[in-house]
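Single-structure report; data block below.
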Amino acid sequence: QVQLVESGGGLVQPGGSLRLSCAASGIIFSIYTTGWYRQAPGKQRELVATFTSDGSSNYVDSVKGRFTISRDNARNTVYLQMNSLKPEDTAVYYCNANFQLLNFWGRGTQVTVSS
């Protein structure tokens, strides 16, 4: 059974930082492209960052220079370090793992940026 479990969300003030983690089980983690998506109230889910099996990372323009995606294949875990957070970063953040036709999601973790 495949599971992706996110953690690390919470309430933070503007300018603050959070580190999200996503622990995977039931898959050969190293061959998957892993990513973080987010969905704000009333908006569509959007891609935030991806980390491929060959070590490449990509980011949506709105988070470049502030967020960093990384992963530890030995721990089957992908991370999202979020710095200089803004109120517009408020959303539910979802972990994703994709390999060819296989696509898995976590249940999400809430991130709220507010003073």
Using a Förster distance of 22 Å, the FRET efficiency for Asn58-Val2 (Cβ separation, nearest 0.05): 0.40
Residue order for Leu102, Leu18 - accessible surface, 1.4 angstrom probe, largest first: Leu102, Leu18
Mean separation of Cα contacts under 8 Å (6+ apart) over length of the range 1-99, as relative contact order %: 36 percent
Rounded to 5, percent antiparallel among DSSP beta bridges of the chain: 95 percent
Summed residue charge, Cβ within 14 Å of Asp89's Cβ, Lys/Arg positive, Asp/Glu negative: +3
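The values are calculated or read from the model by the stated rules, or taken from the named source; none is laboratory data. Because the structure is a prediction, the values reported are computed rather than measured. So basically every Cβ, Gly included, is an ideal-geometry build from the backbone, and we count neighbours across all protein chains shown. Ligands, DNA and RNA are excluded from the accessible area calculation, which covers all protein heavy atoms including side chains. Shrake-Rupley method; radii C 1.70, N 1.55, O 1.52, S 1.80 Å.
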